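Below is one structure, written out as structure tokens; the observations come after it.
The numbers here are math on the coordinates, done by the rules we state, and not lab data. Just so it is clear, the model here is predicted, and its values are computed rather than measured. Neighbour counts are summed over all protein chains in view; Cβ atoms, including those assigned to glycine, are modelled from backbone coordinates with ideal geometry.
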Amino acid sequence: MNLIVQGEEVETPDLKALAKIAEGETIERVSENAFRITKANAASREAVAAHCARAKLDFGFVADGRTLPDFALLAMDMDSTLIGIECIDEIADFAGRKREVAEVTAAAMRGEIDWPESLRRRVAALAGLDERALERVYTERLRFNPGAQKLIAAARRCGLKTLLVSGGFTYFTDRVRQRLGIDYAYSNALVVEGGKLAGRVAGPLVDAQGKAGHLARLKRELAIPRERVLAVGDGANDLAMLAEAGTSVAYHAKPVVRDAADYVLDYAGLDGLLNLFPDSGSSSLPRRGSGK
């Protein structure tokens, strides 16, 4: 196993300490803010996690030689994962109800309240809002999280199919899908009547089970085994989707998701996945030093 360590800034003393804890052989630079400790002992995970928590670093034990092309499908949540906002909260801001809607969103993402009921309550709060607010949210507030475009581009280059599954709205997922060249996107459709939001959604609800269902169906249709699926999410409504994947990643996620995922990225951007699973080969920059 190799131990990948990354973060906003990785200090040499921390790398040397982690190499010793993990009984690693050498320290190699993977990218500007990521390093590989070779031949690490995965049994040291608990001690490594404790040190990384103190140093504000992300870590992951990865089988030597594993790369992004080993996967065939990348599935991702959108709000607060691929993009840096919760779209419904920003829409509610134009209705003067952002605070109350955001509180419900946060509780739902922590798994404290029923997600479908939370969506109905939040969408109802938008009733009567001019539909032009959606365009303003998209153009003025929607931004991709760091590394998002790089990750999707690498996945496409390596031949992975890409799936966006969101408890948000088709207005945004359709545009994000087209902009990034994502293969599949599923989310909820806001009902608009007379140029105003009607305060409800149409069609089957894309909730936690809906997300997992779309991923499970695509696996069957594309004949992709579970072990070749990589899934990324941040909230409680992503847990079922993450369970459908052979490898799951919690990105700047709620505790309930961090506890369930195979890998956790709290400090790195989405391109941190490319440090865990390089998009080509296993080459690295010059070594920083020895762990022994």
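Quick rundown of the values:
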{"quantity": "Exceeding the 18 Å Cα-Cα cut-off - candidates Lys56/Lys150; Lys161/Lys219; Lys16/Lys39; Lys161/Lys254", "calculated": "Lys56/Lys150; Lys161/Lys254"}
{"quantity": "Dipole moment magnitude, nearest 20 debye, the stretch 119-187 about Cα centre, only Lys, Arg, Asp, Glu C-beta charged", "calculated": "260"}
{"quantity": "Folded to 0 to 90 degrees: helix 148-157 orientation relative to the chain principal axis, Cα", "calculated": "70"}
{"quantity": "Positive-end extreme of charge dipole, the stretch 127-282 - chosen from Pro146, Asn275, Leu163 (charges on Cβ)", "calculated": "Leu163"}
{"quantity": "Computed E for Asp262/Lys196 - FRET, C-beta separation, R0 35 angstrom, nearest 0.05", "calculated": "0.20"}
{"quantity": "Tilt relative to the chain, helix 115-124 - C-alpha long axis, 0 to 90 degrees, to 10", "calculated": "40"}
{"quantity": "³J(HN,Hα) computed for each position of the stretch 46-60 - Karplus, 6.51 cos²θ - 1.76 cosθ + 1.60, integer Hz, glycine/proline x", "calculated": "4, 5, 4, 4, 5, 5, 5, 4, 5, 8, 6, 10, 8, 9, x"}
{"quantity": "Nearest 10 degrees, 0 to 90: helix 12-21 Cα axis against the chain principal axis", "calculated": "80"}
{"quantity": "Charged-residue dipole, Cβ positions (Lys, Arg, Asp, Glu), the chain about Cα centre, Debye nearest 20", "calculated": "460"}
{"quantity": "Among beta bridges that DSSP assigns inside the stretch 68-276, antiparallel share in %, nearest 5", "calculated": "25"}
{"quantity": "Distance histogram in 5 Å bins (all Cα pairs of the chain, percent per bin)", "calculated": "1, 6, 12, 16, 17, 14, 12, 9, 6, 4, 2, 1, 0, 0"}
{"quantity": "Residues with amide H under 5 Å from that of Leu129, placed H, sequence gap 5 or more", "calculated": "Leu197"}
{"quantity": "GNM top mover of His252, His214, His51 - the chain, alpha-carbon springs below 10 Å", "calculated": "His51"}
{"quantity": "Exposure proxy order (Cβ contacts within 10 Å, fewest to most) of Val206, Val192", "calculated": "Val192, Val206"}
{"quantity": "Leading residue at positive end of dipole, the stretch 25-79 (Cβ point charges), from Val30, Ser44, Ala72", "calculated": "Ser44"}
{"quantity": "Compactness of the stretch 95-192, expressed as Rg and Dmax over alpha-carbon positions, Å", "calculated": "15.2, 45"}
{"quantity": "Calculated from backbone phi, Karplus (6.51, -1.76, 1.60) coupling profile of the stretch 183-193 in Hz, x at Gly/Pro", "calculated": "6, 9, 8, 9, 6, 9, 9, 6, 7, 10, 10"}
